[in-house]
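Trainee: Sharing a structure, written as structure tokens. Questions coming.
The values are calculated or read from the model by the stated rules, or taken from the named source; none is laboratory data. As the structure is a prediction and not an experimental result, all values here were calculated from the model. Here the Cβ is made from the backbone with ideal geometry for all residues, glycine too, and neighbour counts use every protein chain on show.
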Amino acid sequence: MTYSEQRVTNDARLAERAKRASRDTVQKSLIDCHVHLAALPDGDNGCYISPKLLRSPLFRFLLWKHDLSPTEPREANQRYLDHLLTELRASQHVSQVVLLGMDGFYDQTGLLNRQHTDFLVSNDYVFKTVQTHPDVFLAGPSINPQREDAIDEVHRCADAGAVLIKVLPNAQHFNPAGQKYKSFYRALAQRKLPFLSHVGYEFSLIGKDQSLGDPDRLRLALDEGVTVIAAHACSYGLMLHEKFLPTFQELARRYSHFYADISALTQPHRLKMLLHLRHCPELHSRLLFGTDYPLSVFHMAAWGRVGLGTLWNMIRTRNRFDRQVEVCNGLGLGFRSLGDILQLSQHPRATRDES
């Protein structure tokens, strides 16, 4: 059963009562599997931002929106976390979030190349941040399989308590279908770590080869037994053209361990996929809740498609986590929580095979 099916939505009085019960276990049971841990380099956290990205309009907007100063990185990083914690604790639906790291670009020898890396949020910083609030933060480190120590890093992250591994092939410049990454995928499968991969065009960071965001390239990981989560519900990310929907449907039919998150689906360039998926109930059990925080959550997809009362409830819901729930529920898009598949894949946790 999807999360949205658990809610009473037909009776306005009961729905309002349930909404006020913010600590109800059903209402506050979601895990957001797609929350970015943004961080400025402070000399100790192992993070990096290229001068080009620091000057980009999107990054400058995020600095302005969260009142962050790049000249005071430690204070800015803490302020970002404070904003996240305040919004998360105020949510009526989301109890935990997965903080995602961001690995860099690695050359053919497996060494980090900062000249081709736009943004790096180190795994050590991810784990350190999670340890400050382990009741609400979960670790989603990032490992570029091209790095020379990729397999060792899988085991290190698994031992440290990671719940998934995140990648962004378009920006990290690797082909997920590359046969040389089989050992990496086998390590993920052995440690029962889900593989969350960006899908579609990448706009936030510089994507050199946008074809690397094709979900069809995730078949190798699936064939090696990895639980794969395709970000953004396999949206192509170019407004009205959603060419990856048939791929999503085919992968879901063929692989029982293939999922997709619903992060960023209310964004204008991805909402076409949201509108498609509301008419594909057979895929709803494969959809996992996510927001793509700190990005905004919009309600425009619901205009003209829901009643005025429902639309007004979306508009007045300022909390981004809760608005994502309201918009998707209002449009009839079912979804599940990451906790559902973690129960299947990580308990008991697999250990490293030393043989």
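Trainee: Identify all residues within region 282-320 that are outside any loop (DSSP other than H, G, I, E, B), under 27 Å from Arg60 (Cα atoms) and small (Gly, Ala, Ser); write none if there are none.
Mentor: Ala301
Trainee: Which one of Leu138, Leu193 is within 29 Å of Tyr236 (Cβ to Cβ), modelled with pLDDT of 95 or more, of a type outside the set (Val, Ile, Thr) and not in a loop (DSSP other than H, G, I, E, B)?
Mentor: Details: Leu193 fails: not in a loop (DSSP other than H, G, I, E, B).
The conditions single out Leu138.
Trainee: Quick check on my filter: what residues within region 64-77 are closer than 30 Å to Glu326 by Cβ and surrounded by fewer than 18 Cβ atoms within 10 Å (Cβ to Cβ)?
Mentor: Across region 64-77, the qualifying residues are Trp64, Lys65, His66, Asp67.
Trainee: Please verify whether Arg114 is more than 22 Å from Gly225 (Cβ to Cβ) and basic (Lys, Arg), treating the condition exactly as stated. Give the steps one after another, and end with the answer.
Mentor: Values: more than 22 Å from Gly225 (Cβ to Cβ): yes; basic (Lys, Arg): yes.
In short, yes.
Trainee: If you don't mind, another one. Quick check on my filter: what residues within region 326-336 are more than 25 Å from Leu58 (Cα to Cα) and not in a loop (DSSP other than H, G, I, E, B)? Full working, then the answer.
Mentor: As a first pass, look at region 326-336 and keep what is more than 25 Å from Leu58 (Cα to Cα): 326, 328-336.
Selection gives Glu326, Cys328, Asn329, Gly330, Arg336.
Trainee: I'd like the full set of residues that are in contact (Cβ under 8 Å) with a residue 24 or more places away in the chain and closer than 18 Å to His66 by Cβ, limited to region 84-109.
Mentor: Listed by number, the residues that qualify are Leu84, Leu85, Glu87, Leu88, Arg89, Ala90, Ser91, Val97, Leu99, Leu100, Met102.
Trainee: Check whether at least one residue in region 116-129 is at pLDDT 95 or above and farther than 19 Å from Asn45 by Cα, and report yes or no.
Mentor: Of all residues in region 116-129, those at pLDDT 95 or above come to 120-129.
Narrowing further to those that are farther than 19 Å from Asn45 by Cα: none.
Scanning region 116-129, I find no residue that is at pLDDT 95 or above and farther than 19 Å from Asn45 by Cα, so the answer is no.
Trainee: Under the condition of being hydroxyl-bearing (Ser, Thr, Tyr) and surrounded by 21 or more Cβ atoms within 10 Å (Cβ to Cβ), which residue from region 96-118 is farthest from Gln324 (Cα to Cα)? Step through it out loud before you land on a result.
Mentor: Within region 96-118, the first condition is being hydroxyl-bearing (Ser, Thr, Tyr), and the residues that meet it are 106, 109, 117.
Okay, now just the ones that are also surrounded by 21 or more Cβ atoms within 10 Å (Cβ to Cβ), so 106, 117.
Details: Tyr106: 35, Thr117: 31 Å.
Across region 96-118, the extreme among qualifying residues is Tyr106.
Trainee: Here is a further query. What's the total number of residues in region 155-179 that are touching a Phe, Trp or Tyr at 6+ places or on another chain (Cβ under 7 Å), without any contact (Cβ under 8 Å) to a residue 40 or more places away in the chain and crowded, with 19+ Cβ neighbours inside 10 Å?
Mentor: Total satisfying the criteria: 1.
Trainee: Looking at region 279-292, I want the residues that are closer than 9 Å to Phe335 by Cβ and touching a residue at least 60 places away in the same chain (Cβ under 8 Å) and have a partner that is in a helix (DSSP H, G or I) and of a type outside the set (S, T, N, Q) with Cβ atoms under 7 Å, at least 6 apart or on another chain. Which pairs are those?
Mentor: Leu287/Ala233; Leu288/Leu338
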